[in-house]
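To start, the structure itself, in structure tokens.
What follows draws every value from the coordinates through simple rules; no lab data is involved. Given the structure is predicted, the values throughout are model-derived calculations rather than measurements.
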Amino acid sequence: MATHRQARGHGARAAPGHKPRNSPAPSARRPWGARGARVAGTATGDGRLVHGVARWMAKYGLMSRSEAERSVAAGRVSVNGKVTTNPDRPCHPERDKITVDGKPLRPARRVFLAMHKPAGCITAASDPGDRPTVHDLLPPGTARVQAVGRLDLDTSGLLLFTNDSE
């Protein structure tokens with residue numbers, strides 16, 4: 001006996017060669033926006049993700065996302081030889097030539113750090129209450145890293161840091 005959902009066509013198996021009713025044909029599924037521009041965060045035909053140039057700059061460890069957006073708006077970034085002021089301009093570093101202040105965008109070296117977090121400091125990059133943070137304990141000149149996980153204020157233990165967003 002078919003369930004209510006199967007009787008209405010939800011979850012029922014389709015006959016061979018039959019396409020579900022509301023599924024567009026594969027050629028109709030495209031990563032394009034309404035005006036023909038690629039939508040950031042979608043896959044290209046070759047499977048690579050397309051993001052805005054500011055996001056790639058942050059992902060590659062060059063600067064924070066907000067700093068990258070300001071740099072793009074200031075006209076310091078070019079994609080394929082053309083200056084762009086749009087931080088959401090779709091691109092991919094393996095396909096497009098991205099330069100910042102005339103220097104090519106390159107991925108940052110991956111960094112992995114381990115630290116024994118003492119009790120009494122918070123697992124955050126900064127604190128409006130001026131409490132000590134784990135980032136205050138990192139050596140000067142350490143790359144931009146994020147804590148992997150969190151430990152409570154009064155907890156001590158192993159804490160990992162990385163700049164690898166994967």
- Task: Starting from the Cα gyration tensor of region 56-166, multiply each eigenvalue by 5, take the square root, and state the resulting semi-axes largest first in whole Å.
- Result: 34, 14, 10
- Item | For region 43-104, diffusion coefficient by Stokes-Einstein and Kirkwood Rh (Cα), 4 °C, 1.567 mPa s, µm²/s | 114
- Report the Stokes-Einstein translational diffusion coefficient (µm² s⁻¹, integer) for region 112-162, Rh taken as the Kirkwood radius over Cα pairs, at 10 °C with viscosity 1.306 mPa s. 145
